[in-house]
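> This is the structure I have questions about; it appears just below.
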Amino acid sequence: MSAVSNSATELSTVVIVGTGIAGASAAQTLRSEGFRGRVVLIGDEPSPPYRRPTVSKDLLSGATPAEKTALKPDSFWRERDIELITGATAVALDTGTRCLTLSSGESLYFDALLLATGGRARRLDGVSGAHVFTLRSMGDADSLRESIRRTGSLLVIGGGLIGCEVAATARSLGAEVTVLERDRSLLSRIVPPEVSTMIASLHSENGVDVCTDVALSSLEATDGGTARATADDGRTWSAGTVLVSVGAVPEVTLAVAAGLRADNGITVDEQFRTSADGVFAAGDAANIPGAHDDERYRSEHWNSAQAQGIAAAQSILGKSEPFTDVPWGWSTQYGHTVQFAGVTRFDDDYVVRGSIADRDFTAVAVREDIPVGVIAVGRPKELRTLRMRLRRP
Ligand SMILES: Cc1cc2nc3c(=O)[nH]c(=O)nc-3n(C[C@H](O)[C@H](O)[C@H](O)COP(=O)(O)OP(=O)(O)OC[C@H]3O[C@@H](n4cnc5c(N)ncnc54)[C@H](O)[C@@H]3O)c2cc1C
């Protein structure tokens, strides 16, 4: 197979770690941009690339079978001569010799490496046991579904996006559901209080017990085979299944062990280059520069990871444009889709069009008179237009 040249170097092998949307998009882009060398796409999950957002929604409910969540048909990777290796963990990286070692012992030499290792669910110290779950992957969804069905009750610790989605999905499975949130409102990191209130009432209407201001002091197994959570103020809750859903941490183990710079994600420049020559990072694992010198951020949205994977592949080929994407994503609960773009803060001011209570609105976050974020329900076109006008984070 012949190599293509780019402005910086002659590339013959590009290796990508992570079969999530960032890694998969990068592999696809290398081919669509005309790269004819070897492309190896490695992931530790057993399945080929799939749509991770389904994990808390229709995959968890069982409405969509696993094979229907595939990002592409298997033939897609073969036809593009992308060597897809699943069920393999990259365990060591030598940036000097440009060698990646897999859990099987196999060594892969590369000219360029993309780390698209994503994130993993954050855990809570001291909270573990047979009924305690976290949710990140297809495999996690299978175990959680089985436990919800078997026990009929779910306690969700953490009222963020994934916690709220799982609460909604568990209701569709007929479970009794309680959400415990440490803050005063649900989704408080990304939406203003009025939208939190609307989302909380959506859950209450659907039979979820939403408890806020909960400082959890313990979670223990009872003799009856359930878990009992106790808060500092003495409140207690019991359920057969517990989901710990308190955010994600970037998966930087391989990068850090290899000596790459990392701080809340693998540090990259505007072309997705890490601190090691020939090594790039993108997606949830990457900490990327913002619009201003002192601002950096890490996105945790599907569309952003896709855009970064594409941009990183172009950068590997020496074709990159400045990356100006504003992060954006969505969440679906009880058939309502909340879309959001930009990076909002709890102290932003909001200008609202439509009615939040009626679940038909756009709310534009304004900071120092500049629009920095949008949240919308039922108005995808407005969101799209406004997204283009946001200041980059
Ligand atoms: C349950 C859930 C629901 C979500 N829903 C939404 C939604 O509705 N809307 C939205 O915008 N976003 C959603 N997201 C976020 C979105 O899915 C992520 O932003 C996106 O998947 C990030 O893609 P990625 O490729 O960067 O990383 P990931 O999707 O995390 O993929 C990284 C892959 O790399 C693998 N890996 C890590 N280290 C190694 C290694 N050393 N060797 C081999 N493989 C390795 C991981 O196992 C994983 O398969 C959701 C996330 C979750 C967990």
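> Would you check which residues across region 64-116 are more than 26 Å from the chain's Cα centre (by Cα) and within 24 Å of residue 273 (Cα to Cα) and list them?
Result: 94, 95, 96, 97, 98, 99, 107, 108, 109, 110, 111.
> Now for a different question. Conditions: (1) touching a Lys or Arg at 6+ places or on another chain (Cβ under 6 Å); (2) surrounded by fewer than 21 Cβ atoms within 10 Å (Cβ to Cβ); (3) of a type in the set (Gly, Ala, Ser). Residue 224 meets all but one. Number of the miss?
It is condition (1) that residue 224 fails.
> I've got another one for you. From 120, 150, 136, 145, which residue is touching a residue at least 40 places away in the same chain (Cβ under 8 Å), of a type in the set (D, E, K, R) and in contact with a Pro (Cβ under 9 Å, 6 or more places away or on another chain)?
Criteria check complete, one pass: 120.
> Any chance you could count how many residues in region 360-373 are within 25 Å of residue 201 (Cβ to Cβ) and out of contact with any Gly (no Cβ under 6 Å at 6 or more places or on another chain)?
Residues that pass the stated criteria total 3.
> Hey, another quick one. Across region 52-79, what is the number of residues that are over 24 Å from residue 284 (Cβ atoms) and either touching a strand residue (DSSP E or B) at 6+ places or on another chain (Cβ under 8 Å) or in a strand (DSSP E or B) (or both)?
Counting residues in region 52-79 that are over 24 Å from residue 284 (Cβ atoms) and either touching a strand residue (DSSP E or B) at 6+ places or on another chain (Cβ under 8 Å) or in a strand (DSSP E or B) (or both) gives 0.
> What tally of residues in region 156-189 results from selecting those that are of a type outside the set (A, V, I, L, M), part of a helix (DSSP H, G or I) and either without any contact (Cβ under 8 Å) to a residue 24 or more places away in the chain or within 12 Å of the ligand (Cβ to nearest atom) (or both)?
Number of matching residues: 4.
> Identify all residues within region 325-360 that are assigned to a strand (DSSP E or B), of a type outside the set (Lys, Arg) and surrounded by fewer than 21 Cβ atoms within 10 Å (Cβ to Cβ); write none if there are none.
Answer for region 325-360, where residues must be assigned to a strand (DSSP E or B), of a type outside the set (Lys, Arg) and surrounded by fewer than 21 Cβ atoms within 10 Å (Cβ to Cβ): 329, 330, 332, 336, 337, 349, 350, 351, 352, 354, 355, 360.
> Please determine whether any residue of region 246-264 is at pLDDT below 95, at negative phi, among the charged types (D, E, K, R) and in a loop (DSSP other than H, G, I, E, B).
Checked region 246-264: no residue is at pLDDT below 95, at negative phi, among the charged types (D, E, K, R) and in a loop (DSSP other than H, G, I, E, B).
> Within region 36-68, count every residue that is among the small types (Gly, Ala, Ser) and either modelled with pLDDT under 95 or more than 13 Å from the ligand (Cβ to nearest atom) (or both). Spell out the reasoning first.
We begin by selecting, within region 36-68, every residue among the small types (Gly, Ala, Ser); these are 37, 43, 47, 56, 61-63, 66.
Those left that are additionally either modelled with pLDDT under 95 or more than 13 Å from the ligand (Cβ to nearest atom) (or both): 37, 62-63, 66.
The number of residues fulfilling the criteria is 4.
> Taking region 283-306 only, how many residues are in contact (Cβ under 8 Å) with a residue 40 or more places away in the chain, within 12 Å of the ligand (Cβ to nearest atom), of a type outside the set (Asp, Glu) and within 18 Å of residue 387 (Cβ to Cβ)?
Going through region 283-306 one residue at a time, the tally reaches 3.
> Counting just the residues of region 88-110 that are in a loop (DSSP other than H, G, I, E, B) and within 9 Å of the ligand (Cβ to nearest atom), which one comes out surrounded by the most Cβ atoms within 10 Å (Cβ to Cβ)?
Across region 88-110, the extreme among qualifying residues is 88.
> For region 361-376, which positions are of a type in the set (Val, Ile, Thr) and surrounded by 18 or more Cβ atoms within 10 Å (Cβ to Cβ)?
Within region 361-376, 362, 364, 372, 374, 375 meet the criteria.
> Additional query: Considering 231, 248, 221, 227, which residue is under 18 Å from the mean Cα position of the chain (by Cα), in contact (Cβ under 8 Å) with a residue 24 or more places away in the chain and either more than 13 Å from the ligand (Cβ to nearest atom) or under 24 Å from residue 130 (Cβ atoms) (or both)?
Within the list 231, 248, 221, 227, the selection yields 248.
The values are calculated or read from the model by the stated rules, or taken from the named source; none is laboratory data. Given the structure is predicted, the values throughout are model-derived calculations rather than measurements. Because the Cβ atoms are built from the backbone with ideal geometry, glycine has one as well, and the counts that use them run over all protein chains shown.
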